[in-house]
Amino acid sequence: MTNEELMNEIIKLKEEKGYKILGHNYLIGDILDISDETGDSLALARKAMEMDADKIMFIGVDFMAETLKILNPEKRIFVPTRASECTMANSLDRETLIKFKEKYPNASVVLYVNSTAECKMEADCVCTSANAIEIVNNIDNDTILFGPDKNLASYVAEKTGKTIIPVPGDDGFCYVHDEFKKEEVLVAKEKYPNAKLITHPESPKEVRDLSEYIGGTGKMIKIPLTDDTKDYIIGTEAGMIHQLKKNHPDRNFYPLKNSAICIGMKKNTLKNLYEALKEDKHEIILSDEIMEKAVYSIENMFKVMG
Ligand code: SF4
(Lines give C-alpha, C1' and ligand atoms only; values in the text may rest on other atoms or scores of the structure.)
Protein backbone atom coordinates (compact mmCIF):
# COMPACT_ATOMS: atom_id res chain seq x y z
CA MET A 1 0.00 0.00 0.00
CA THR A 2 1.12 3.58 -0.61
CA ASN A 3 1.42 5.96 2.36
CA GLU A 4 -1.83 7.62 1.35
CA GLU A 5 -3.65 4.26 1.20
CA LEU A 6 -2.19 3.27 4.57
CA MET A 7 -3.32 6.56 6.12
CA ASN A 8 -6.87 6.05 4.80
CA GLU A 9 -6.94 2.47 6.10
CA ILE A 10 -5.69 3.61 9.53
CA ILE A 11 -8.41 6.27 9.78
CA LYS A 12 -11.02 3.69 8.79
CA LEU A 13 -9.74 1.08 11.27
CA LYS A 14 -9.53 3.43 14.22
CA GLU A 15 -13.10 4.57 13.63
CA GLU A 16 -14.43 1.03 13.20
CA LYS A 17 -12.64 -0.22 16.32
CA GLY A 18 -13.17 2.81 18.56
CA TYR A 19 -9.54 3.86 18.99
CA LYS A 20 -8.22 7.35 19.57
CA ILE A 21 -4.72 8.02 18.27
CA LEU A 22 -2.33 10.17 20.29
CA GLY A 23 0.97 11.17 18.68
CA HIS A 24 4.07 12.80 20.13
CA ASN A 25 5.53 15.93 18.50
CA TYR A 26 8.66 14.10 17.32
CA LEU A 27 6.88 11.65 15.01
CA ILE A 28 6.92 11.66 11.22
CA GLY A 29 4.48 14.16 9.72
CA ASP A 30 2.20 11.53 8.13
CA ILE A 31 1.47 9.99 11.56
CA LEU A 32 0.97 13.38 13.21
CA ASP A 33 -1.49 14.35 10.49
CA ILE A 34 -3.79 11.41 11.27
CA SER A 35 -3.50 11.64 15.08
CA ASP A 36 -6.54 12.77 17.05
CA GLU A 37 -4.27 14.65 19.45
CA THR A 38 -0.63 15.69 19.26
CA GLY A 39 1.65 17.17 21.89
CA ASP A 40 4.35 16.45 24.43
CA SER A 41 4.19 13.35 26.61
CA LEU A 42 2.47 14.87 29.61
CA ALA A 43 -0.01 16.91 27.60
CA LEU A 44 -1.02 13.70 25.83
CA ALA A 45 -1.35 11.77 29.12
CA ARG A 46 -3.67 14.49 30.41
CA LYS A 47 -5.67 14.58 27.19
CA ALA A 48 -6.10 10.81 27.50
CA MET A 49 -7.54 11.30 31.01
CA GLU A 50 -10.23 13.58 29.58
CA MET A 51 -10.95 11.40 26.56
CA ASP A 52 -14.07 9.36 26.16
CA ALA A 53 -12.34 6.32 24.65
CA ASP A 54 -11.74 2.78 25.92
CA LYS A 55 -8.86 2.13 23.56
CA ILE A 56 -5.95 4.46 22.89
CA MET A 57 -3.19 3.90 20.37
CA PHE A 58 -0.28 5.89 21.77
CA ILE A 59 2.58 6.71 19.42
CA GLY A 60 5.80 7.85 21.03
CA VAL A 61 8.38 5.95 23.09
CA ASP A 62 8.17 3.37 25.88
CA PHE A 63 8.20 5.52 29.05
CA MET A 64 5.47 7.77 27.61
CA ALA A 65 3.15 4.82 27.01
CA GLU A 66 3.81 3.62 30.58
CA THR A 67 2.98 7.06 32.01
CA LEU A 68 -0.20 7.15 29.96
CA LYS A 69 -1.22 3.75 31.35
CA ILE A 70 -0.41 4.73 34.96
CA LEU A 71 -2.60 7.81 34.63
CA ASN A 72 -5.35 5.97 32.77
CA PRO A 73 -5.65 2.59 34.54
CA GLU A 74 -9.16 1.93 33.27
CA LYS A 75 -8.26 2.50 29.59
CA ARG A 76 -6.57 0.02 27.26
CA ILE A 77 -3.34 1.52 25.91
CA PHE A 78 -1.66 0.12 22.79
CA VAL A 79 1.54 1.03 20.91
CA PRO A 80 2.47 0.32 17.26
CA THR A 81 5.78 -1.34 18.20
CA ARG A 82 7.72 -2.44 21.30
CA ALA A 83 10.94 -1.22 19.69
CA SER A 84 10.35 2.49 20.30
CA GLU A 85 12.63 3.04 23.26
CA CYS A 86 13.97 6.18 24.92
CA THR A 87 17.65 5.58 25.64
CA MET A 88 17.71 8.43 28.12
CA ALA A 89 14.86 7.04 30.22
CA ASN A 90 16.46 3.61 30.10
CA SER A 91 19.87 4.94 31.22
CA LEU A 92 18.65 4.82 34.82
CA ASP A 93 17.45 1.58 36.40
CA ARG A 94 15.74 1.08 39.73
CA GLU A 95 18.71 -0.65 41.42
CA THR A 96 21.05 2.24 40.58
CA LEU A 97 18.55 4.75 41.89
CA ILE A 98 18.14 2.78 45.13
CA LYS A 99 21.95 2.80 45.60
CA PHE A 100 22.00 6.60 45.18
CA LYS A 101 19.17 6.90 47.71
CA GLU A 102 21.17 4.82 50.18
CA LYS A 103 24.24 7.00 49.62
CA TYR A 104 22.27 10.25 50.05
CA PRO A 105 19.54 9.30 52.55
CA ASN A 106 18.56 12.91 53.25
CA ALA A 107 18.11 13.91 49.60
CA SER A 108 14.73 14.17 47.93
CA VAL A 109 14.29 12.41 44.59
CA VAL A 110 12.95 14.25 41.56
CA LEU A 111 12.76 12.36 38.29
CA TYR A 112 12.19 13.73 34.84
CA VAL A 113 9.04 12.21 33.34
CA ASN A 114 11.45 10.64 30.82
CA SER A 115 12.20 7.78 33.22
CA THR A 116 10.98 4.22 33.58
CA ALA A 117 7.86 3.39 35.56
CA GLU A 118 10.03 1.26 37.89
CA CYS A 119 12.17 4.29 38.73
CA LYS A 120 9.10 6.47 39.22
CA MET A 121 8.16 4.13 42.09
CA GLU A 122 11.29 5.37 43.91
CA ALA A 123 10.73 9.10 43.34
CA ASP A 124 9.20 11.76 45.56
CA CYS A 125 8.07 13.77 42.58
CA VAL A 126 8.17 13.68 38.80
CA CYS A 127 8.75 16.77 36.64
CA THR A 128 8.70 17.81 33.00
CA SER A 129 11.19 20.07 31.26
CA ALA A 130 8.58 22.83 31.56
CA ASN A 131 8.04 22.61 35.32
CA ALA A 132 11.36 21.15 36.61
CA ILE A 133 12.45 24.45 38.18
CA GLU A 134 9.09 25.02 39.86
CA ILE A 135 8.96 21.44 41.18
CA VAL A 136 12.48 21.56 42.62
CA ASN A 137 11.89 24.99 44.17
CA ASN A 138 8.73 23.68 45.75
CA ILE A 139 10.48 20.80 47.53
CA ASP A 140 11.45 21.59 51.09
CA ASN A 141 14.96 20.23 50.75
CA ASP A 142 18.16 21.79 49.36
CA THR A 143 19.64 18.49 48.24
CA ILE A 144 17.98 16.73 45.35
CA LEU A 145 18.79 13.55 43.49
CA PHE A 146 17.75 14.42 39.95
CA GLY A 147 17.69 12.12 36.92
CA PRO A 148 18.12 10.76 34.40
CA ASP A 149 19.16 13.79 32.29
CA LYS A 150 22.45 15.39 33.37
CA ASN A 151 21.84 18.48 31.19
CA LEU A 152 18.40 19.16 32.63
CA ALA A 153 19.95 18.55 36.07
CA SER A 154 22.58 21.23 35.43
CA TYR A 155 19.91 23.64 34.12
CA VAL A 156 17.82 23.10 37.26
CA ALA A 157 20.89 23.57 39.50
CA GLU A 158 21.67 26.84 37.71
CA LYS A 159 18.14 28.18 38.11
CA THR A 160 17.36 27.01 41.65
CA GLY A 161 20.74 27.29 43.39
CA LYS A 162 20.07 23.96 45.11
CA THR A 163 22.51 21.04 45.34
CA ILE A 164 21.45 18.84 42.46
CA ILE A 165 23.05 15.40 42.30
CA PRO A 166 22.56 13.92 38.80
CA VAL A 167 21.61 10.25 38.69
CA PRO A 168 22.97 8.13 37.08
CA GLY A 169 25.48 10.95 36.27
CA ASP A 170 27.49 11.27 33.06
CA ASP A 171 25.63 8.41 31.37
CA GLY A 172 22.23 10.10 31.67
CA PHE A 173 21.50 12.18 28.58
CA CYS A 174 19.46 12.36 25.42
CA TYR A 175 21.81 11.74 22.49
CA VAL A 176 19.61 13.86 20.21
CA HIS A 177 20.11 17.01 22.31
CA ASP A 178 23.45 16.26 23.94
CA GLU A 179 25.14 16.25 20.55
CA PHE A 180 24.35 19.90 19.79
CA LYS A 181 27.55 21.94 19.83
CA LYS A 182 28.34 25.62 20.34
CA GLU A 183 30.11 25.70 16.93
CA GLU A 184 26.93 24.47 15.19
CA VAL A 185 24.96 27.26 16.84
CA LEU A 186 27.47 29.88 15.68
CA VAL A 187 27.32 28.58 12.09
CA ALA A 188 23.49 28.58 12.13
CA LYS A 189 23.36 32.08 13.58
CA GLU A 190 25.68 33.32 10.86
CA LYS A 191 23.50 31.68 8.20
CA TYR A 192 20.27 33.08 9.66
CA PRO A 193 21.39 36.34 11.32
CA ASN A 194 17.85 37.52 12.14
CA ALA A 195 16.69 34.22 13.62
CA LYS A 196 16.13 33.50 17.28
CA LEU A 197 17.42 30.22 18.67
CA ILE A 198 15.05 27.99 20.64
CA THR A 199 16.69 25.05 22.40
CA HIS A 200 15.57 22.27 24.68
CA PRO A 201 16.89 22.16 28.27
CA GLU A 202 18.22 18.67 27.52
CA SER A 203 20.95 20.48 25.50
CA PRO A 204 24.43 21.18 26.91
CA LYS A 205 24.99 24.44 28.79
CA GLU A 206 27.23 25.91 26.02
CA VAL A 207 24.23 25.66 23.66
CA ARG A 208 21.61 26.82 26.18
CA ASP A 209 23.72 29.89 26.92
CA LEU A 210 23.47 31.04 23.28
CA SER A 211 19.69 30.58 23.10
CA GLU A 212 17.02 33.27 23.06
CA TYR A 213 14.51 30.74 24.41
CA ILE A 214 14.87 27.47 26.33
CA GLY A 215 11.93 25.10 26.66
CA GLY A 216 10.34 21.74 25.92
CA THR A 217 8.23 21.06 22.85
CA GLY A 218 5.04 22.33 24.52
CA LYS A 219 6.66 25.72 25.09
CA MET A 220 8.32 25.80 21.65
CA ILE A 221 4.94 25.62 19.91
CA LYS A 222 3.70 28.65 21.87
CA ILE A 223 6.70 30.98 21.50
CA PRO A 224 5.70 32.44 18.09
CA LEU A 225 2.34 33.45 19.59
CA THR A 226 4.03 36.11 21.72
CA ASP A 227 7.12 36.86 19.63
CA ASP A 228 6.70 38.23 16.11
CA THR A 229 10.14 37.14 14.92
CA LYS A 230 9.98 35.72 11.39
CA ASP A 231 12.85 33.20 11.59
CA TYR A 232 13.71 30.63 14.24
CA ILE A 233 16.50 28.09 14.57
CA ILE A 234 15.17 25.04 16.37
CA GLY A 235 17.46 23.01 18.62
CA THR A 236 15.51 19.84 19.18
CA GLU A 237 14.44 16.69 17.34
CA ALA A 238 14.05 17.55 13.65
CA GLY A 239 10.44 16.25 13.58
CA MET A 240 9.41 19.29 15.58
CA ILE A 241 9.80 21.45 12.45
CA HIS A 242 6.67 19.82 10.95
CA GLN A 243 4.58 20.75 14.00
CA LEU A 244 5.94 24.30 14.16
CA LYS A 245 5.29 24.95 10.46
CA LYS A 246 1.78 23.53 10.75
CA ASN A 247 0.97 25.77 13.72
CA HIS A 248 2.71 28.89 12.38
CA PRO A 249 2.67 28.79 8.56
CA ASP A 250 3.71 32.46 8.33
CA ARG A 251 7.10 31.85 10.03
CA ASN A 252 10.32 30.10 9.06
CA PHE A 253 11.82 27.32 11.17
CA TYR A 254 15.29 25.95 10.53
CA PRO A 255 16.61 22.86 12.31
CA LEU A 256 19.86 23.47 14.18
CA LYS A 257 20.88 20.08 12.83
CA ASN A 258 19.04 17.96 10.25
CA SER A 259 20.50 14.79 11.73
CA ALA A 260 18.95 15.42 15.17
CA ILE A 261 16.70 12.39 14.93
CA CYS A 262 15.28 10.27 17.76
CA ILE A 263 15.70 6.73 16.49
CA GLY A 264 13.20 5.35 19.03
CA MET A 265 10.45 7.69 17.81
CA LYS A 266 11.12 6.80 14.18
CA LYS A 267 10.57 3.09 14.89
CA ASN A 268 6.87 4.02 14.71
CA THR A 269 5.74 3.73 11.11
CA LEU A 270 2.45 3.86 9.23
CA LYS A 271 2.87 0.13 8.55
CA ASN A 272 3.30 -1.01 12.15
CA LEU A 273 0.58 1.41 13.26
CA TYR A 274 -1.79 -0.14 10.72
CA GLU A 275 -0.89 -3.68 11.83
CA ALA A 276 -1.24 -2.90 15.54
CA LEU A 277 -4.69 -1.39 14.96
CA LYS A 278 -5.78 -4.27 12.76
CA GLU A 279 -4.70 -6.97 15.22
CA ASP A 280 -5.11 -5.05 18.52
CA LYS A 281 -1.42 -5.69 19.14
CA HIS A 282 1.07 -4.45 21.76
CA GLU A 283 -1.14 -3.57 24.70
CA ILE A 284 0.68 -1.96 27.66
CA ILE A 285 0.26 -4.08 30.78
CA LEU A 286 1.99 -2.99 34.00
CA SER A 287 2.23 -4.87 37.30
CA ASP A 288 -0.11 -3.92 40.16
CA GLU A 289 2.94 -2.78 42.15
CA ILE A 290 3.98 -0.31 39.44
CA MET A 291 0.42 0.92 38.92
CA GLU A 292 0.01 1.58 42.65
CA LYS A 293 3.42 3.04 43.51
CA ALA A 294 4.48 4.99 40.41
CA VAL A 295 1.33 7.10 40.37
CA TYR A 296 2.32 8.73 43.68
CA SER A 297 5.26 10.71 42.22
CA ILE A 298 3.20 11.79 39.20
CA GLU A 299 0.29 12.93 41.35
CA ASN A 300 2.73 14.93 43.49
CA MET A 301 3.73 16.84 40.40
CA PHE A 302 0.08 17.59 39.59
CA LYS A 303 -0.43 18.86 43.17
CA VAL A 304 2.42 21.37 42.74
CA MET A 305 1.14 22.45 39.33
CA GLY A 306 -2.38 22.93 40.73
S1 SF4 B 1 14.45 12.63 21.89
FE2 SF4 B 1 15.82 11.87 23.51
S3 SF4 B 1 14.65 12.08 25.42
FE4 SF4 B 1 13.18 12.24 23.71
S5 SF4 B 1 12.45 10.16 23.40
FE6 SF4 B 1 14.20 10.40 22.02
S7 SF4 B 1 15.98 9.65 23.20
FE8 SF4 B 1 14.31 10.00 24.64
TODO: Working only within region 230-249, note down all residues that are under 19 Å from P201 (Cβ atoms), without any contact (Cβ under 8 Å) to a residue 40 or more places away in the chain and not hydrophobic (A, V, I, L, M, F, W, C).
DONE: Y232
Open item on the list: Among the residues of region 149-163, are any within 15 Å of the ligand (Cβ to nearest atom) and part of a strand (DSSP E or B)?
Closed with: no
TODO: Kindly provide the set of residues from region 133-148 that are touching a residue at least 40 places away in the same chain (Cβ under 8 Å) and either touching an Asp or Glu at 6+ places or on another chain (Cβ under 7 Å) or more than 16 Å from the ligand (Cβ to nearest atom) (or both), ordered by number.
DONE: E134, I135, N138, L145
Open item on the list: Tell me the residue from K69, K20 that is among the basic types (K, R) and part of a helix (DSSP H, G or I), please.
Closed with: K69
- [ ] Starting from region 13-40, keep only residues that are without any contact (Cβ under 8 Å) to a residue 40 or more places away in the chain and not assigned by TED's automatic domain parsing to the domain that holds Q243, then list their pairs with residues that are among the polar types (S, T, N, Q) and within 16 Å of the ligand (Cβ to nearest atom) whose Cβ atoms are within a distance under 6 Å, requiring at least 6 positions of separation or different chains.
- [x] G23/T38
TODO: Name the residue, out of A83, A130, that is within 15 Å of the ligand (Cβ to nearest atom) and open to solvent by 50 Å² or more (accessible area, probe 1.4 Å).
DONE: A130
Open item on the list: Based on this model, can you work out whether S259 counts as of a type in the set (S, T, Y), at pLDDT below 95 and at negative phi?
Closed with: yes
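Condition check ((1) within 16 Å of the ligand (Cβ to nearest atom); (2) modelled with pLDDT of 95 or more) across all residues:
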residue	(1), (2)
I214	yes, yes
T217	yes, no
T226	no, yes
F253	no, yes
L270	no, yes
I285	no, yes
Task: Matching residues, region 135-148, being within 19 Å of K303 (Cβ to Cβ) and either open to solvent by 40 Å² or more (accessible area, probe 1.4 Å) or in a helix (DSSP H, G or I) (or both) - done: I135, V136, N137, N138, D140
- [ ] Return yes or no: is K278 among the basic types (K, R), over 18 Å from I28 (Cβ atoms), modelled with pLDDT of 95 or more and in the same structural domain as F58 (by TED's automatic domain parsing)?
- [x] yes
TODO: Having 1 or more residues that are within 27 Å of I59 (Cα to Cα) is the bar; report the helices (runs of 4 or more DSSP H) wholly within region 171-276 that clear it.
DONE: 175-178, 217-226, 240-247, 263-266
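The values are calculated or read from the model by the stated rules, or taken from the named source; none is laboratory data. What you see is a predicted model, and the numbers here were worked out from it, not measured in a lab. We place every Cβ from the backbone using ideal geometry, glycine too, and count neighbours over all the protein chains shown. Heavy atoms of the whole protein, side chains included, go into the accessibility calculation; ligands, DNA and RNA do not. Shrake-Rupley method; radii C 1.70, N 1.55, O 1.52, S 1.80 Å.
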